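Structure first, commentary second.
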Amino acid sequence: MSLRTVTEINSLSRDEFVRVIGPVFEQSPWIAEAVWLKRPFASREALHAALCETVTCAGAEKQLALIRSHPDLAGRLASAGALTVESAREQAGAGLDRLTPKETELFRKSNAAYRKKFGFPFVICARLNRTETILNGFRARLPNSPQQEIQTALQEIFRIAELRLNDLISH
């Protein structure tokens, strides 16, 4: 996929904008739909800020839906080959497609414990982490409160979105 300029992004129709920008947030095209109305954007960073502001102002129900749209790391969807293209690439980049049986079991148990406590998947920017640091992240974040974890998950989602935008739009 070739990089687009911000000017090209600004000129897209609503449907095309949602098709291109929608995958920046996992399974949540509503964010791109809402942001399209705020064009034109002066920069990739301004677009990212508008997308994140939309999530921040969306309310708890939509924020939780966004968090829940993320797959478990090295989970059932990954082993079934059913991840989005973006998630599959990011999990592979973190080495999660090459786990040992012991690591696979650690991820299964960690995902289950995290979901049981918080009711949503553990979200971390896989592109900025590797297997060991992700497993350490589970241990470090499990003692957190649900509110702390919602905020942490949203910050991780914003990092993921920034990197995905960097893949789509030239500077």
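A few comments on the model shown:
- For the residues 21, 31, the requirement of being over 23 Å from residue 104 (Cβ atoms), touching a Ser or Thr at 6+ places or on another chain (Cβ under 7 Å) and surrounded by 16 or more Cβ atoms within 10 Å (Cβ to Cβ) singles out 31.
- Meets criteria (part of a helix (DSSP H, G or I), within 17 Å of the chain's Cα centre (by Cα), among the β-branched types (Val, Ile, Thr) and buried (at least 17 other Cβ atoms within 10 Å of the Cβ)) for residue 157: yes
- The number of residues in the stretch 80-89 that are assigned to a helix (DSSP H, G or I) and surrounded by fewer than 14 Cβ atoms within 10 Å (Cβ to Cβ) comes to 1.
- Evaluated against (1) surrounded by 15 or more Cβ atoms within 10 Å (Cβ to Cβ); (2) without any contact (Cβ under 8 Å) to a residue 12 or more places away in the chain; (3) of a type outside the set (A, V, I, L, M), residue 133 falls short on exactly one condition, (1).
- Pairs where the first residue, in the stretch 104-125, is more than 30 Å from residue 165 (Cβ to Cβ) and free of Cβ contacts under 8 Å to residues at least 60 places away in the same chain and the second is in a helix (DSSP H, G or I) and aliphatic (A, V, I, L, M), C-beta under 8 Å, 6+ apart: 106/135
- Comparison of 113, 92 shows that the only residue that is within 17 Å of the chain's Cα centre (by Cα), surrounded by fewer than 20 Cβ atoms within 10 Å (Cβ to Cβ) and outside any loop (DSSP other than H, G, I, E, B) is 92.
- Of the candidates 63, 27, the single residue that is assigned to a loop (DSSP other than H, G, I, E, B) and either at pLDDT 95 or above or at positive phi (or both) is 27.
- Residues being of a type in the set (A, V, I, L, M, F, W, C), surrounded by 15 or more Cβ atoms within 10 Å (Cβ to Cβ) and under 21 Å from the mean Cα position of the chain (by Cα) - total across the stretch 35-48: 3
- If only residues of the stretch 95-110 that are assigned to a helix (DSSP H, G or I) and of a type in the set (Lys, Arg) are counted, the one that is farthest from the chain's Cα centre (by Cα) is 102.
The values are calculated or read from the model by the stated rules, or taken from the named source; none is laboratory data. If you're wondering where the values come from, they're calculated on a predicted model, not measured in any experiment. Every residue, glycine as well, gets a Cβ built from its backbone with ideal geometry; the counts of neighbours run over all protein chains shown.
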